[in-house]
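**Q** This is the structure, below, for whatever I ask next.
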Amino acid sequence: MSELKLWYRQPANEWVEALPVGNGRLGAMVFGGIGAERLQLNEDSMWSGHSFERENPESAANLSKARRLLFERKYAEAEKLVAEKMMGNRVDPGIHTYQMLGDLTLTFDGIETATNYRRELDLDTAVATTSYRVGDATYTREVFSSPVDQVLVCRIGCDKPNRLTLTATLSRPQDTNVSPNGNNRITMNGHLHDGDGVRYETQLLARADGGNVTVSNDGIRIERANTVTLLLVAATDYHGDDPHKTCEAQLSAVAETPYNRILSDHLEEHQRLFRRCALDLGSASFKPTDERLEAWKNGADDPSLIALYFQYGRYLLISSSRPGAMPANLQGIWADGLRPPWNADYHININIQMNYWVAEPTNLSECHEPFFWLTDRLRERGRITARTMYGCRGFVAHHTTDAWWFTSAIGQPRYGMWQSGAAWCCQHLWEHYAFTGDETFLAERAYPMMNEAAEFYVDFLVEHPDTGELVAGPSTSPENAFRSTDGQTSTLTMGPTMDQQIVYDLFSNCIEASRILNLDAAFRATLEDLRSRMARTKLGADGRIMEWVEEFEEPEPGHRHISHLFGLHPGREITPALTPDLAEGARKTLEYRLSHGGGHTGWSRAWIINFYARLEDGDTALEHIRALLAKSTLTNLFDNHPPFQIDGNFGAAAGLAEMLLQSHIADDASGPAFAAGRSPRFILDVMPAWPDAWPRGEVSGLRARGGVLVERLAWSPDSIGVSVRAEGRTSIRVRPPAGWAPVGLEADADVAFTLRLAPNGRGAILFASPALR
């Protein structure tokens, strides 16, 4: 896997050029300096702030009035009422925020310039390496963050003896104390934001082969060593543990462990996840990554750069989201300084959900776990918000949250008055079941959360007086606005399309889960009744999907959010096969947005890739991959909102997977996909969005709904071969690309098959193996 490397001929000059390493919890940005090296450090629970009441106590009493004003089309008046009487307290930026852990700085004596410089990040090993030559000596540094030993490791070497003389220091802009801590060790600790936040500690231990090591208040001094191994641990009291005791235990456990053992354990665990999935689009390139990216911007064709970007998305999720860690935030775990953009929090009106679209289809199901924990943590506060703001049962969350798990509507109605955050999070619980078939997870974890989120909407939905349909609100179509007939710009309506789609999706998933588990028949019947009466997605006079209940003029027609296409992706309400009119309406919606400058942020462009994949338009999806790399990708391949925001990396990787393989629940005339007494039924779409520019390729290790592993999918202009293994009780139908049909089938017992397809001009849906029905 030598091609799976980011590499450069010069050190990073700024943070967005540095290379990320992480073990899900403890991370670093590696600059690769020559005379001085900076490792910018992060620990995932470094949060300032605390939990407190944010709900507006007048909200519930004003809900009916706000709805009445909206039904009367008095939008500006309703918005003023909501802003004054329903919105909660917003904390100023930089007070409740994720923060850097600090900097580990290495200063090398007598080294200023070098030759033969190379800086790289190997995605397959999760090791960042810097090497260069000074005089007759070659110096190397290897940096990785071990998920096994929970330690950040920096190994410094030289091929000439006694050439390593350096000083290692720990620092932080504020809230910090650095002191010696025994032999060859220093400690940095403090209490964030003058005591309003977590207590933290990090310890650095130096092990030298040869030479001399001394410790002072200025750091660790190593002189004339042959090799140096630096071991760094860090912890906070966020989870209730003593950070000092945690650091002592972690460092003591690894202090005497040989470097090669630490490295081999790290490699085994990282590759256990990373090597599950591989993608080959051909035409490998070994030029430096920044040169490849610049050539891409100038029109070069480099398919292997796309494959590298896909695997980089998987690498970033492995490195920023593992069981037991915090969820990946707006920047994963990597953030510089004390006031990152948007506090590097958890925006749950698309951004954090997008972080996890890549988890299930690219075989990283375990990495999804921190998101489930986030959803569960929202419940306690979300029940209070549901009751205080709306007088409803269940739990609710709005557009954003943080490490203190607030759920109330905060800030301005344009972005804050949106109740569907928790409901959207619950979609991920269902998707985990759909991909894994894990009924224990469904019964014990997913369904209770889904049920409680649905219970909120049982109370919250209200009948629209003009149509008799059930609608949610008052709410916004996230962060967008419309111009009403009186010429005023407003943001709130009853029943914006995205809310209706999310609630419909939630109810559908709860109904199916209830049927699978044979639970709550009465509640299931209630949801089925409410779902049948809900306002559904509609087309406007121009054929586009309507974003609101009326056809309003849009002041910003190229808005970055395309919220009313949730039903296309990540939802399942709109498909070319089952709802062709709505699919065509979605296409027109995208074309209109894009013609007015849409897709101008990295994450928005990533969502568009997924939309076109679902529309089975591979050539246009590829256009937007090209645009993402050309316009919204930084030198280190981080996504650029701007500024850096990691959701675009994850969303684009998910979109690439969607282009090659999709899977859908197979509801049809014979009944629901989940029915008592028979296996769940799924459709497997092979190469649904196959661009002309990828005539040949191969992918292995993708996963599909139904507990299906695609062991190998290889394609060429005249042949497609797909080998599939079902790991649960599943019935699979395979849908070839348009114009292709099955020409051969080899079944292996009850669980696996290999299907051969050829372009004979006639598409088909095939039950892949009778044993899997």
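The values are calculated or read from the model by the stated rules, or taken from the named source; none is laboratory data. What you see is a predicted model, and the numbers here were worked out from it, not measured in a lab. Ideal geometry is used to build each Cβ from the backbone, glycine not excepted, and the neighbour counts take in all protein chains shown. Note: accessible area is taken over every heavy atom of the protein model, side chains too, but ligands, DNA and RNA are not part of it. Shrake-Rupley method; radii C 1.70, N 1.55, O 1.52, S 1.80 Å.
**Q** Determine ³J(HN,Hα), in whole Hz, for all residues of segment 613-618 in sequence, where each value follows from phi through the Karplus function 6.51 cos²θ - 1.76 cosθ + 1.60 and θ = phi - 60°; x replaces Gly and Pro.
**A** So the Karplus estimates, Gly and Pro as x, are 4, 5, 7, 6, 10, x Hz.
**Q** Does anything in segment 265-279 have its amide N under 12 Å from the 7 Å Cα→Cβ label point of V148, and if so which residues?
**A** What the label zone holds, given the 12 Å backbone N cut-off, is 265-272.
**Q** Could you list the square roots of 5 times each eigenvalue of the Cα gyration tensor of segment 476-613, that is, the equivalent ellipsoid semi-axes, sorted largest first and rounded to whole Å?
**A** Rounded to whole Å, the semi-axes are 29, 18, 13.
**Q** Scan around D237 for amide H atoms under 5 Å from its own, H built in the peptide plane at 1.01 Å from N, and keep only partners 5 or more places away or cross-chain.
**A** R199
**Q** Between rounded, prolate and oblate, where does segment 186-288 land on the alpha carbon gyration tensor, with a ≥ b ≥ c its root eigenvalues, rounded for a/c under 1.5, else prolate if a/b exceeds b/c?
**A** Because a/c hits 1.5 or more and a/b fails to exceed b/c, segment 186-288 counts as oblate.
**Q** Sticking with this structure for a sec: With charges only on Cβ, +1 for K and R and -1 for D and E, what is the dipole size of segment 262-364 about its Cα centre, in debye, rounded to 20?
**A** Here the size comes out at about 180 debye.
**Q** Counting other Cβ atoms within 10 Å, keep those with at most 11, restrict to DSSP loop, and tell me which chymotrypsin sites (Phe, Trp or Tyr not before Pro) in segment 259-307 are left.
**A** In loop regions of segment 259-307 (DSSP not H, G, I, E or B), the sparsely surrounded chymotrypsin sites (Phe, Trp or Tyr not before Pro) are F286.
**Q** Express the carbon and sulfur contribution to the solvent-accessible surface of segment 193-262 as a percent, rounded to the nearest whole number, probe 1.4 angstrom.
**A** 41 percent
**Q** Gap in Å between the Cα centre of segment 171-238 and the Cα centre of segment 52-86?
**A** Taking the Cα centre of each part, segment 52-86 and segment 171-238 sit 52 Å apart.
**Q** Something else: So what are the chain's ellipsoid semi-axes, whole angstrom, largest first, if each one is the square root of 5 times an eigenvalue of the alpha-carbon gyration tensor?
**A** With the √(5λ) rule applied to the chain, the semi-axes are 44, 33, 24 Å.
**Q** Another one. Per residue, how many Å² of accessible area does segment 107-149 show with a 1.4 Å probe?
**A** Spelled out: the 1.4 Å probe surface of segment 107-149, per residue, equals 38 Å².
**Q** May I pose another question? Structure shown: which of K5/K297; K287/K631; K85/K588 lie over 28 Å apart, alpha-carbon to alpha-carbon?
**A** K85/K588
**Q** Apply 1/(1 + (r/R0)^6) to the Cβ-Cβ distance of R393 and K287, taking R0 = 60 Å, and write down the FRET efficiency to the nearest 0.05.
**A** 0.55
**Q** Treating the angle as unsigned and between 0 and 90°, give the value, to the nearest 10°, between the Cα long axis of helix 243-254 and the longest Cα principal axis of the chain.
**A** 60 degrees
**Q** Follow-up. Helix 75-85 versus the longest principal axis of the chain: what is the Cα-based angle in degrees, 0 to 90, to the nearest 10?
**A** That works out to roughly 50 degrees.
**Q** How big is D, in µm² s⁻¹, for segment 102-259 by Stokes-Einstein at 10 °C and 1.306 mPa s if Rh is the Kirkwood radius over C-alpha pairs?
**A** 96 µm²/s
**Q** Placing unit charges on C-beta atoms (Lys and Arg positive, Asp and Glu negative, everything else neutral), compute the dipole magnitude of segment 467-561 about its Cα centre in debye, rounded to 20.
**A** 340 debye
**Q** Along the charge dipole of the chain, pointing to its positive end and built from +1/-1 on Cβ of Lys, Arg, Asp and Glu, which listed residue (C426, T176, A83) has its Cα farthest out?
**A** C426
**Q** Of the options L121, V151, G135, report the single residue whose Cα projects farthest towards the positive end of the charge dipole of segment 89-192 (beta-carbon charges: Lys, Arg +1; Asp, Glu -1).
**A** Checked the options; the winner is G135.
**Q** I've got another one for you. Contour minus end-to-end for E469 and T115, with contour as 0.36 nm per residue of separation and end-to-end as the Cα-Cα distance?
**A** That works out to 120.3 nm of additional length.
**Q** Give the span of segment 249-400's Cα atoms along each principal axis, as three whole-Å numbers ordered largest to smallest.
**A** Computed over segment 249-400, the largest-to-smallest principal extents equal 60, 51, 33 Å.
**Q** Please identify the GluC sites (Glu not before Pro) of segment 66-110 that satisfy two criteria: DSSP loop assignment and at most 12 other Cβ atoms within 10 Å. Which are they?
**A** E72
**Q** For helix 647-660, what angle does its Cα long axis make with the longest principal axis of the chain, in degrees from 0 to 90 and rounded to 10?
**A** With both axes taken from Cα atoms, the answer is about 60 degrees.
**Q** Could I ask something else about it? Need the list of aspartates and glutamates near K245 for cross-linking: C-alpha distance under 17 angstrom, and skip anything on the same chain fewer than eight residues off.
**A** K245 reaches E43, D149, E201, D237.
**Q** Using the Cα gyration tensor of segment 601-642, with a ≥ b ≥ c the square roots of its eigenvalues, what is the shape: rounded (a/c below 1.5), prolate (a/b larger than b/c) or oblate (neither)?
**A** Taking the square roots of the gyration eigenvalues as a ≥ b ≥ c, segment 601-642 is prolate.
**Q** Any idea what the dipole of the chain comes to, in debye rounded to 20, about its Cα centre with Lys/Arg Cβ at +1 and Asp/Glu Cβ at -1?
**A** Taking the Cα centre of the chain as origin, the dipole is about 540 debye.
**Q** What does the C-alpha gyration tensor say about the overall shape of segment 342-480? Classify as rounded when a/c is under 1.5, otherwise prolate if a/b is larger than b/c, or oblate.
**A** Prolate shape, in that a/c is at least 1.5 and a/b is the bigger ratio.
**Q** Between L517 and D692, what FRET efficiency comes out of the Förster formula 1/(1 + (r/R0)^6) with R0 = 60 Å and r the beta carbon distance, rounded to 0.05?
**A** FRET efficiency, D692 to L517: 0.85.
**Q** Oh, and also: Among the GluC sites (Glu not before Pro) in segment 238-321, which ones are in a DSSP loop with at most 16 other Cβ atoms within 10 Å of the Cβ? Mind listing them?
**A** Taking segment 238-321 and a limit of 16 other Cβ atoms within 10 Å, the loop GluC sites (Glu not before Pro) found are E256.
**Q** Just read off the accessible area of K245 with the full protein assembly in place, 1.4 Å probe, to the nearest 10 Å².
**A** 140 Å²
**Q** Give me the accessible area per residue for segment 488-591, probe 1.4 Å, as a whole number in Å².
**A** 35 Å²
**Q** Rounded to the nearest whole Å², what accessible area per residue is found for segment 194-309 with the 1.4 Å probe?
**A** That works out to 45 Å² for each residue.
**Q** Follow-up question, since we're still on this one. Got a number for carbon plus sulfur as a percent of segment 425-552's accessible area, 1.4 Å probe?
**A** For segment 425-552, the apolar C and S fraction of the accessible surface comes to 44 percent.
**Q** On to the next question. Do the sum for the chain: with -39,500 (n - 2.57) for every DSSP H run of n ≥ 4, divided by all residues, what is the mean residue ellipticity at 222 nm, to the nearest 500 deg cm²/dmol?
**A** -9500 deg cm²/dmol
**Q** Each residue of segment 226-233 in turn: what ³J(HN,Hα) in whole Hz from Karplus with 6.51, -1.76, 1.60 and θ = phi - 60°, glycine and Pro shown as x?
**A** 8, 9, 9, 10, 9, 10, 10, 10
**Q** Right, next: Give me the distance between the Cα centres of segment 488-539 and segment 362-434, rounded to whole Å.
**A** Cα centroid to Cα centroid, the span is 16 Å.
**Q** Moving on to the next point. Give me the percent of the accessible area of segment 88-155 that comes from carbon and sulfur atoms, probe 1.4 Å, all protein chains in place.
**A** Solvent-exposed carbon and sulfur of segment 88-155 make up 42 percent of the total.
**Q** How much net charge surrounds R221 when only the other residues with a Cβ under 15 Å from the Cβ of R221 are counted, with Lys and Arg +1 and Asp and Glu -1?
**A** 0
**Q** For segment 405-531, list log₁₀ I(q)/I(0) at each q in 0.11, 0.17 Å⁻¹, using the Debye formula over Cα point scatterers of equal strength and ignoring solvent, two decimals each.
**A** Computed log10 I(q)/I(0) values: -0.43, -0.89.
**Q** For segment 435-556, what does the relative contact order come out to in percent, with C-alpha contacts under 8 Å and a separation of six or more?
**A** 28 percent
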